[in-house]
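K.L.:
Submitted below is the structure of interest, expressed as structure tokens.
The values are calculated or read from the model by the stated rules, or taken from the named source; none is laboratory data. Note that the structure is predicted; figures quoted are calculated from it, not measured. Cβ coordinates were reconstructed from backbone atoms using ideal geometry, including for glycine residues, and neighbour counts include every protein chain displayed. Areas reflect the complete protein model, heavy atoms only, side chains present, ligands, DNA and RNA absent. Shrake-Rupley method; radii C 1.70, N 1.55, O 1.52, S 1.80 Å.
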Amino acid sequence: MKVLLFIIFPLVLSASIEKEDAEFDTLPPTEPKSRFAMLDDVRILANGLLQLGHGLKDFVHKTKGQINEIFQKLNLFDKSFYDLSKQTNEIKEKEEELKETTSKLQANNDELKNMSQQIHSQIENLLQDKSKLQSKVGKLEEKLTEIAQGTQEGADLKEVESLKHFVEQQDVNIRRLLKVVQEQHVQLDHQNGQIKDLEHKLINTGFHERQITPRQAAYRPTNSTDQKVEENDNARDCNDIYNRGDRLSGIYAIKPNGSEEFYVFCEISQDNAWTVIQKRMDGSVDFNQTWEDYTNGFGDLTGEFWLGLAKIYALAQEADYVLHIELQDWKDNKRYIEYIFTLGNEDSKYALQLLQVSGNIPSALPERTPLLFSTSDDNASDLKCPSESQSGGWWSTTCSGTNLNAKYVKPKSKSKMEKRRGQGLYWKPEKGRMYSLRSTKIMLYRTDLEHFD
């Protein structure tokens, strides 16, 4: 722009001078003002052109700045689009992997379901064998009576031995099947855990094509031979309460095994009913009671209570039951464990013998060993534990610290002395850590599985 002005200005100036010379020759010397007027016009024009040049220069600079900003935004857009494309590809790859894993888990779940059906079929066969076994046991008892009276020949002794061997073989088969069922439970729980993890991952990645099998309900063996109990019939347990149509948890009257009628708390679900025999949740009831109290029962059925050893024994003689123990720690974690069991009478100190069949916590009670019930005033096992004078009654053979009827102590109120004496509710497996408990619940539910001798 400056070069253009330098070129134009001399030409205009030269033209002006030539014009002025011509006019000087023709005009009289009395008009000098015309020359100066022309020079002012040129200066005004030059000044205008100069300002126009500056304006154009500023406009060019602004335009360049705007173009640079546009290029920067385009670069950012290109980078964002590239990153989005990359993430989309990664999500697609993860979706494919999850689809493949889900298909495998589906196949494994179907296989486990088939195995569970086979086991259930085997259980049905064993139940049929049980009926035959009971019939043969009845004959065996008759023959043993005849032998005791000296009226049986030696040849019948061989038949008795054969029946005894058959009974033992059936017991072995039942135990083996229970072990298989327990392993099946563990596999199903693990499989369901994997499926839930996949569901969570699929939700996070936005994958909505769900082909995951719903979590199966836990296997609860019930007494399939039970008929519907009429309202006027005497219910033997909470299972009969359920069979007669009641579906609300609460307090009901039962009369098992020809005993006197008494009240129990029934915990009823959609497909089963449990008879609760113990409940701890807040320490409102003192469980440091005498042998007589533990025999008859104490507490409030709507809160904390112990049903009573005599009543528990009457229930145990009515049918085959599974002992279900629910535990909750102070972090609100919940665990459970289940046993098949036998329970002796008062003369045997209500000896308890256990065999674990399922659960998600290690057992803290000795299995296949008679456990005698002890209280602070009647120590059946003749123990001298430091805390036995303030502990509630429980089945034990050693000072192990596992006592679900012990003194209820909240963690914040534990003193060093109480910790040293093992106060509080604990579940202490032989291997593994000790669990400090906030609440416990012990229940029975009826099953057709034969208990062990």
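K.L.:
Could you pull out every residue, at least 5 positions away or on a different chain, whose amide H is within less than 5 Å of the one on Arg438? Hs are placed 1.01 Å off N in the peptide plane, and Pro or chain starts have none.
P.N.:
Gln328, Asp329, Trp330
K.L.:
Note down the accessible area of Leu76, probe 1.4 Å, to the nearest 10 Å².
P.N.:
Answer for Leu76: close to 110 Å² accessible.
K.L.:
Would you mind calculating the gained length between Leu49 and Ser269 on full extension (0.36 nm times residue separation, minus the Cα-Cα distance), in nm to one decimal? Don't jump to the answer; show the numbers that get you there.
P.N.:
Details: separation 220, 0.36 × 220 = 79.20 nm, distance 9.70 nm.
Roughly 69.5 nm would be gained on extension.
K.L.:
Now a separate question. With θ set to phi - 60° and the Karplus curve 6.51 cos²θ - 1.76 cosθ + 1.60, what are the ³J(HN,Hα) couplings of region 267-272 in order, to the nearest whole Hz, using x for Gly and Pro?
P.N.:
9, 10, 10, 5, 10, 6
K.L.:
With the crude spin-label approximation of a point 7 Å out along Cα→Cβ, what separation in nm comes out for Thr302 versus Asp329?
P.N.:
My value for the distance between the label points is 3.3 nm.
K.L.:
In addition: How far apart, in nm, are two points set 7 Å out from the Cα along the Cα-to-Cβ line at Glu346 and at Thr88?
P.N.:
8.1 nm
K.L.:
Would you rank Phe287, Phe166 by solvent-accessible area, highest first, keeping every protein chain in place and using a 1.4 Å probe?
P.N.:
Working: Phe287 5, Phe166 60 Å².
Sorted by accessible area, descending: Phe166, Phe287.
K.L.:
Would you calculate the convex hull of the Cα atoms in region 286-326 and tell me its volume per residue in Å³? Walk me through the numbers on the way to the answer.
P.N.:
Numbers: hull volume 3.6 nm³, N = 41.
Taking only Cα atoms, region 286-326 has a hull volume of 87 Å³ per residue.
K.L.:
Listed highest first by mean packing, meaning other Cβ atoms within 10 Å per residue, what order do 90-99, 290-299, 320-329 come in? Don't jump to the answer; show the numbers that get you there.
P.N.:
On the way: 90-99: 12.7, 290-299: 18.4, 320-329: 20.3.
With the highest mean Cβ count within 10 Å placed first, the list reads 320-329, 290-299, 90-99.
K.L.:
Leaving out ligands, DNA and RNA but keeping every protein chain, what accessible area does Lys104 have, in Å² rounded to the nearest 10, with a 1.4 Å probe?
P.N.:
120 Å²
K.L.:
Taking 7 Å along the Cα-to-C-beta vector as the label spot, tell me the Ser121-Lys412 distance in nanometres, rounded to one decimal.
P.N.:
Simple spin-label model gives 5.8 nm for this pair.
K.L.:
At 4 °C and 1.567 mPa s, what whole-number value in µm²/s does Stokes-Einstein give for the translational diffusion of region 85-144, with Rh from the Kirkwood sum over Cα pairs? Provide the component values of the computation, followed by the final result.
P.N.:
Values: Rh = 15.8 Å.
Estimated via Stokes-Einstein, D reaches 82 µm²/s.
K.L.:
Does region 232-313 classify as rounded, prolate or oblate by the C-alpha gyration tensor (a ≥ b ≥ c root eigenvalues; a/c under 1.5 gives rounded; else a/b over b/c gives prolate, otherwise oblate)?
P.N.:
Details: a/c = 2.86, a/b = 1.45, b/c = 1.97.
It is oblate, given that a/c is not under 1.5 and a/b is not larger than b/c.
K.L.:
Further question: Using protein chains only and a probe of 1.4 angstrom, how many square angstrom of Asp282 are accessible, to the nearest 10?
P.N.:
70 Å²
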